[in-house]
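Everything on this sheet refers to the single structure shown next.
Any read-out appearing in this document is the output of simple, stated calculations on the displayed coordinates, not a laboratory observation. Since the model is a prediction, treat every value here as computed from it, not as a measurement. Note that we place each Cβ from the backbone using ideal geometry, even for glycine, and neighbour counts take in every protein chain shown.
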Amino acid sequence: MRFVRFQSGKEEPKFGWINGDRVGPLTASPISEYRRLDAILPLDQVKLLAPILPSKIICVGRNYADHAREQGAEIPEYPTLFLKPPSAVIGPDENIVLPPQSQQVEHEAELAIIIGKRGRWISEDQAKRYIFGYTIANDVTARDLQSRDGQWARAKGFDTFCPLGPWIETEIDVSDVLISCRVNGDLRQMTSSREMIFPIPHLITYISSVMTLEPGDVILTGTPAGVGILKSGDKVEISIDGLGTLTNSVRIDQRV
C-alpha cells in the first residue's frame, strides 16, 4: 500500500493512502493505529508533502563500491554511519536551497527505509519485521565542506538537504531495484540496489547495535556513482523502480 502526507487547499496536512488516482485521509499516522477514510480526492489536486517526519535520519556512507572509488575512498569494512537533522527534510516539488557557505553542492540518489517499530539489537533474520516501507531520498551534500571539515554534520545538515517522497510503499521487494538520477533530463546516476556493499538486513542489525530504532526513523542506504554538482535552476529527478519519482528544483538562498 502507498501512504502519503498531503495538503488539500488550506487545510492542515494529513496522512493519507492512495487508491489508484485518488487519495483518502487516515485518522492517524500509518505507523500507528489508524482508520482509512474514503479515497475521493484526486491525487493531482493535492499537494504531496514529505511522507514522514522522522525523529532521526541515519545515513550510510559509501555503501556502493563505485561511489567509494569515485570519492577516492577505500571500500569500507563496516558501514559508515552519520546523521542528518530532521530539519533538513523537504517533500516533493520543494526547493533544494544552495547555502552561501558552499560552492559545490551535489545530489545523491538513495533508497530510504522507513522503520515501523521500536527495536534494539535486531538480528538480520528479524530485520524485515521492523521495516514499515520504503521511499526515495536525496542525500544532498556540500562536498567542499565535507572535505574541508573532516566530518559530515555541516555538509549534510543544511535545511532542505534531505528531500523525501513522493510516498511510502509497503509492498515492494527492493533487493534488486533500479535507482537513477537525472538533472535537467540528463542521466547522472543509475545502478541496482543489489550493488550495495552492505544489504538492508545487515544495515538494520548494525545500526540497531548502536542506537534504538524508533517508529518513523529513516535510514538512507547510500548512493551509487555519478554524483554531481547542482546549480540554481536545476531540476533533479530521482526514480526507483516501484517507488516512482522524487522531483525537486534547486535555487540559491535569497536571504543573503
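Numbers for the structure displayed
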quantity: Label point distance in nm, ASP21-LEU53, each placed 7 Å from Cα along Cα→Cβ; calculated: 3.2 nm
quantity: When the chain is reduced to its Cα atoms, the Kirkwood hydrodynamic radius in Å; calculated: 18.4 Å
quantity: Built amide H within the under 5 Å cut-off of ALA50, gap 5+; calculated: GLY91
quantity: Cross-link partners of LYS10 among lysines (Cα-Cα below 26 Å; sequence separation of 8 or more within a chain); calculated: LYS47
quantity: Inter-centroid distance (Cα atoms) of region 181-256 relative to region 11-79, Å; calculated: 12 Å
quantity: Additional length obtainable on full extension of the chain from LYS10 to SER87, 0.36 nm per residue less Cα span; calculated: 25.5 nm
quantity: Size of electric dipole in region 57-252: Cβ of Lys, Arg +1 and of Asp, Glu -1, about Cα centre, debye, nearest 20; calculated: 440 debye
quantity: Calculated from backbone phi, Karplus (6.51, -1.76, 1.60) coupling profile of region 227-235 in Hz, x at Gly/Pro; calculated: 4, x, 6, 10, 10, 4, x, 5, 10
quantity: Among PHE132, ILE172, THR191 - extreme Cα towards positive end, dipole of region 107-192, charges at beta-carbon; calculated: PHE132
quantity: Contour minus Cα-Cα distance for GLN45 and LYS235 (0.36 nm per residue); calculated: 66.2 nm
quantity: Excluding exposed DSSP-loop chymotrypsin sites (Phe, Trp or Tyr not before Pro) (at most 16 other C-beta within 10 Å), longest clean stretch of the chain; calculated: 122-256
quantity: Farthest positive-ward along the chain dipole, Cα basis, beta-carbon charges - from THR247, PRO25, GLY222; calculated: PRO25
quantity: Cα gyration tensor category, rounded, prolate or oblate, for region 2-49 with a/c compared to 1.5; calculated: oblate
quantity: Three-way shape call for region 9-157 based on the alpha-carbon gyration tensor, with the a/c threshold at 1.5; calculated: oblate
quantity: Computed E for GLN126/ARG69 - FRET, C-beta separation, R0 41 angstrom, nearest 0.05; calculated: 0.80
quantity: Pairwise label distance in nanometres, ARG118 with ALA153, each label 7 Å out on the Cα-Cβ vector; calculated: 2.6 nm
quantity: In sequence order, calculated HN-Hα J values of region 149-165 (Karplus, 6.51, -1.76, 1.60; Hz; x Gly/Pro); calculated: 6, x, 9, 10, 4, 6, 4, 9, x, 4, 3, 6, 8, 9, x, 9, x
